[in-house]
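The structure under discussion appears below in the form of structure tokens.
The values are calculated or read from the model by the stated rules, or taken from the named source; none is laboratory data. No experiment lies behind these values; they were computed from the predicted model shown. No Cβ is skipped: glycine too gets one built from the backbone with ideal geometry, and neighbour counts run over all protein chains shown.
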Amino acid sequence: MALADQRCVPCHRGTPRVDPERARELLAQLDGWQLEGARLRRPLRFPDFRAAMRFVNAVAELAEDQGHHPDLLIHDWNRVEVTLSTHAIGGLSEADFVLAAHIDRLPLPAVPTSPPPASG
């Protein structure tokens with residue numbers, strides 16, 4: 001079953017950590033995420049502050065629904081970093097990958113690669 005078709009399972013101290021080999025397998029199912037030690041991280045850039053905040057709010061709603069919460073960092077007015085790890089076990093759990101896959105399904109606005117031409 002695809003990760004995004006699953007629900008996050010509540011974690012507790014006895015929840016097993018995902019081993020590095022399994023983490024790489026699960027990472028292959030995600031879009032734009034990076035493994036950084038015992039964390040998953042996805043940097044994003046948005047066309048403006050409002051789009052960044054809409055995304056953050058959508059992640060917050062999704063996290064509440066799934067019962068698993070990421071760390072969110074908003075900086076430089078249009079950049080958001082989403083970081084996932086399971087604090088109760090001090091590492092990555094399957095729930096981190098499930099939530100990442102759900103986040104991947106959120107709509108992202110296109111980001112222009114260069115500023116629009118000046119109007120004359």
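Just for segment 51-85: of the residues that are among the acidic types (D, E) and closer than 19 Å to V111 by Cα, which one is surrounded by the most Cβ atoms within 10 Å (Cβ to Cβ)?
E81
When only residues in segment 5-21 that are farther than 12 Å from G91 by Cβ and crowded, with 16+ Cβ neighbours inside 10 Å count, which is modelled with the highest pLDDT?
Checked segment 5-21; the qualifying residue modelled with the highest pLDDT is C8.
Just checking, how many residues over segment 21-41 are over 20 Å from M1 (Cα atoms) and of a type in the set (K, R)?
Adding up the residues that qualify gives 2.
Would it be correct to say that L62 is in contact with a helix residue (DSSP H, G or I) (Cβ under 7 Å, 6 or more places away or on another chain), part of a loop (DSSP other than H, G, I, E, B) and without any contact (Cβ under 8 Å) to a residue 60 or more places away in the chain?
Criteria not met by L62.
From V80, V56, grab the single residue that is aliphatic (A, V, I, L, M), in contact with a helix residue (DSSP H, G or I) (Cβ under 6 Å, 6 or more places away or on another chain) and without any contact (Cβ under 8 Å) to a residue 60 or more places away in the chain.
On inspection, the qualifying residue turns out to be V80.
Would you pick out the residues in segment 22-50 that are surrounded by 14 or more Cβ atoms within 10 Å (Cβ to Cβ), in contact (Cβ under 8 Å) with a residue 60 or more places away in the chain and not in a loop (DSSP other than H, G, I, E, B)?
A23, L26, L27, L40, R42, L44
Just a yes or no: is a residue in segment 78-97 more than 25 Å from A23 (Cα to Cα), in a strand (DSSP E or B) and either modelled with pLDDT of 95 or more or not aromatic (F, W, Y) (or both)?
yes
Quickly run through segment 19-35 and pick out the residues that are more than 13 Å from the chain's Cα centre (by Cα) and either farther than 24 Å from V80 by Cβ or among the charged types (D, E, K, R) (or both).
D19, P20, E21, R22, R24, E25
When segment 1-17 is examined, which residues are found to be touching a residue at least 24 places away in the same chain (Cβ under 8 Å) and under 17 Å from the mean Cα position of the chain (by Cα)?
A2, L3, A4, Q6, R7, C8, V9
Among the residues of segment 86-107, how many are small (G, A, S) and crowded, with 21+ Cβ neighbours inside 10 Å?
Within segment 86-107, residues that are small (G, A, S) and crowded, with 21+ Cβ neighbours inside 10 Å number 3.
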